[in-house]
1. Of all residues in segment B:448-468, how many are in contact with a Phe, Trp or Tyr (Cβ under 8 Å, 6 or more places away or on another chain) and modelled with pLDDT under 90?
2. Residues in segment B:561-577 that are crowded, with 16+ Cβ neighbours inside 10 Å and either closer than 24 Å to B:Lys544 by Cβ or of a type in the set (A, V, I, L, M, F, W, C) (or both): how many?
3. Identify, by number, the condition in (1) surrounded by fewer than 18 Cβ atoms within 10 Å (Cβ to Cβ); (2) in a helix (DSSP H, G or I) that B:Glu405 doesn't meet.
4. Looking at B:Gly172, B:Gly245, B:Gly224, B:Gly183, which one is closer than 30 Å to B:Tyr576 by Cβ, at pLDDT below 90 and not β-branched (Val, Ile, Thr)?
5. Please verify whether A:Lys41 is more than 7 Å from chain B (Cβ to nearest Cβ), surrounded by 18 or more Cβ atoms within 10 Å (Cβ to Cβ) and in a helix (DSSP H, G or I), treating the condition exactly as stated.
6. Cβ-Cβ below 7 Å, separation at least six or inter-chain, first residue in segment B:405-418 and over 18 Å from B:Leu274 (Cβ atoms), second part of a helix (DSSP H, G or I) and small (Gly, Ala, Ser): which pairs?
7. For the structure I just gave you, tell me whether B:Ile486 is assigned to a helix (DSSP H, G or I), surrounded by 22 or more Cβ atoms within 10 Å (Cβ to Cβ), among the hydrophobic types (A, V, I, L, M, F, W, C) and modelled with pLDDT of 90 or more.
8. For the subset of segment B:79-100 comprising residues that are assigned to a helix (DSSP H, G or I) and in contact (Cβ under 8 Å) with a residue 40 or more places away in the chain, which member is surrounded by the fewest Cβ atoms within 10 Å (Cβ to Cβ)?
Amino acid sequence: MILAASIALIVIVLVLLLFIRQNDLPYVEPVSATAHLDERKTAIYENIRDANFEYLMGKLSEDDYKQTKADLQDELSEVNAEIASATGAKPLPVKPSVAESALGASGSTVVASQAIVCPKCGARYTTAMKFCGECGQPLKDGAA
Amino acid sequence: MGGSHKRKPHTEARNLSHSIMENLGSLAIIFAFLLAIYATVASVVGSWKDRPFLVASGERAVYAIWALLTLASGLLVSALVQGDFRLSYVAANSNREMPTFYKVAAWWGGQEGSLLLWAWILACYAAVAVWTNRKRHRRIMPYVVALLMGTTAFFTLLIGFVVSPFDVLAVGKLVTAVPDGNGLNPLLQHPAMIIHPPILYLGYVGFAVPFAFAIASLIKREPGEKWIHTTRRWTLVTWLFQSAGILLGAGWAYEVLGWGGYWGWDPVENASLLPWITGTAFLHSVMMQEKKGMMKVWNMVLISATFLLCIFGTFLTRSGLVSSVHAFAQSDIGDYFVGFLAVAIGLVVYLILDGMPFLRTEARLDSVVSRESSFLFNNLLLLASCFAVLWGTLFPVISEAITGEKISVDAPFFNRVMVPIGLFLLLLTGMGPLFAWRRTSTESLKRNFLWPAVAALVVMVVLIALGVHHAYAAISFGFCFFVAVIIIMEFVKGGLALGKRTGQSLLPAMVELTRRNTRRYGGYMVHMAIVIMFVGFTGSAFNKEMTLEVPVGGTFKIGGYELRVRDLSKGQNPNYMWDHAKVDVYVNSKFLITMEPERRLYESSGQSTSEVSIYRQPREDLYLNFAGMSQDGQKAVIQAYIFPLVSWIWVGAWVMFLGTFVCLVPSKVDRPSTRNSLVSASAVDPSLEVEEEPAVSTGD
């Protein structure tokens, strides 16, 4: 009786382990060159949204809010540049950071001549952006 | 001699079924062990050599192991409930008189059964992890399976070959049986103790899953933080079970041990706290990796430490290394645990060191006063507390190894070290969320901290003026007030800001705010729970106690209460004998309540327990323990205690569970705001190209 039960158990398990249909074999997805960068972008957008809300709440001073947002937009630019280089798109021109332009750092004339201006809210950017970080207006082909 | 002994057919059938039971149970465990080895090897080889069949077969083995261990567990529980006293485990942990639910609880009442429970829970978790990820994470899943099954192999090795729950009692070569068992330890015959071990195990074992995912992603150099998203809820649920297990144990200790102590820094209590500390650090630190891509090395170290401390905690309870009320009987399995821990630690250290170039980031801390720094300080403080507890727990072993003398480390050491660390952590709980990323300006600091700090200082000064001269207590109350105000302000300011946009009034806006960001505001609720619990802990600085011999009709006073022993009685039932006292409580000569503490003596084990009587109020608990009769048998020995604010610990526990539950609920995704008006812009002008940004939900 015990022997029969044991044999039955072994047979059931062996069948489960060894008889696997072709459709049930795991498919390993190819490694995406940009999936982790898209995740990074999502996280940065969340951080921008959080910073906006914390400013509205009065938790962040205006200076801290501008600095935080500028830093995040710089990060976003870097990630976009990495995505562009990973997908073989035209590399984005190297421009002074938005943070430098916001704080009036030297080279502002260079910044001003290369500035991209949002048609909706007037925000200025020195790096190519697809969407305005202030109001979300699409900046087609990275320009107004 | 002589004569034939004709056995009745149903006796023969019963013996046969019992015989099948222990043999099938043992076979199931041994087979599970072999399959666990197979699953580990097949998964690794299948991934390495790109053989999908082996990977799939390894995953199928996970389900088979679950089925086998479920069979073994079912057989053991059946033996316990039916009272098959041929099994030595049943004879040691059950008896005929025990109610059925205690017979089931005997599954985890002893060494062998609790190890089977550990293995079964791990098998359940592994099966769920494999099933829910059958179509994703395909690159790392083989290594996840290998790590989980490697751990399963270890535990099935123990219960299959070293400490089997299906060993039979034998005299020579003949299987024998005892007429009745020893029964469950009377201390364990309490509702909280029925569920405390399985809930704690759900926590201990659960950390294996995020650990497996973390190490698997490290081995495969998987870019991104997908494994964190996948395991976030696992980690939170596991942490919740661990917290619940620890708090249930504390609540049980408060009610059962007779002296109102909810935490004694017992080595086994400490062993459950250690992975909770590192797990808490991991839960916070992992947010930095998600949001900023930082602290990857920290997170690998923390989750590995958490898993290893879970194994260590399991080992500590069973090795006889330290003395504890919790400890199982000493056995040889300590050496096996040491071997497993040595291999696991070696593997983890090698993988992390080898993976350092992959884990390192270029991001640096810009300022001490920043959100990043507060996460770092949080990790450092929690690690410091973990080290202090570990040091104190192992010091007797270390001192014996070096000096030959076992020097015990008691509560005063732990309290001296942990109280200041705990207060710093409490402060950080309030301050951390208010710092900005990278650097915080003086204006933001003033805006967020000035009034709460002033209010907290006022509270401290008032308390001192009212006679609270205990320094740590005054500081603790001040910090609790500070953090509570900050958390409430977070909800109120957030509700006002959202209400301005949506037109809602404050309360509905606060609810909507929480629904839109369950992680953050659920987390604030958990922080508030910690504050509430700290209020409860601080009350212990003002405890009162007295022990007296009181005859029937005798009175005594403690705090603002007058107590009179109205009646003393004795009795017995099939399970135990009892001494029972009735004590009337008066305040300002007005009758308040009758309290009835009891002392029990369990006949089968010879052990006595206290059934204390507690009068719970928000301000304090009045706690009576009937310690026994005096030498002359005429007076009751009554231990009376006043524990100020202790009920807030249990209130805080419930708030913690609620807050964690809120964290687990997916956030409501507000599409226009989360996509930064992208979607709404395209809705206005369909000719505009809209890049498909992922929906941003801070809840997942």
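The values are calculated or read from the model by the stated rules, or taken from the named source; none is laboratory data. All of these numbers come straight from a predicted model, not from anything done at the bench. Positions of Cβ are generated from backbone atoms using ideal geometry, with glycine treated the same way; all protein chains shown enter the neighbour counts.
1. To start, the set of residues in segment B:448-468 that are in contact with a Phe, Trp or Tyr (Cβ under 8 Å, 6 or more places away or on another chain) comprises B:452-453, B:455-456, B:459-460, B:463, B:468.
Right, trim to modelled with pLDDT under 90 and you get B:468.
Going through segment B:448-468 one residue at a time, the tally reaches 1.
2. 6
3. Every condition holds for B:Glu405 apart from (2).
4. Only one candidate passes the filter, namely B:Gly183.
5. Values: more than 7 Å from chain B (Cβ to nearest Cβ): yes; surrounded by 18 or more Cβ atoms within 10 Å (Cβ to Cβ): yes; in a helix (DSSP H, G or I): yes.
Considered against the rule, which asks whether it is more than 7 Å from chain B (Cβ to nearest Cβ), surrounded by 18 or more Cβ atoms within 10 Å (Cβ to Cβ) and in a helix (DSSP H, G or I), A:Lys41 comes out as yes.
6. Between residues of segment B:405-418 that are over 18 Å from B:Leu274 (Cβ atoms) and residues that are part of a helix (DSSP H, G or I) and small (Gly, Ala, Ser), the close pairs are B:Glu405/B:Ser399; B:Lys406/B:Ser399; B:Ile407/B:Ser399.
7. Working: assigned to a helix (DSSP H, G or I): yes; surrounded by 22 or more Cβ atoms within 10 Å (Cβ to Cβ): yes; among the hydrophobic types (A, V, I, L, M, F, W, C): yes; modelled with pLDDT of 90 or more: yes.
For B:Ile486, the condition - assigned to a helix (DSSP H, G or I), surrounded by 22 or more Cβ atoms within 10 Å (Cβ to Cβ), among the hydrophobic types (A, V, I, L, M, F, W, C) and modelled with pLDDT of 90 or more - is met.
8. The selected residue is B:Ser88.
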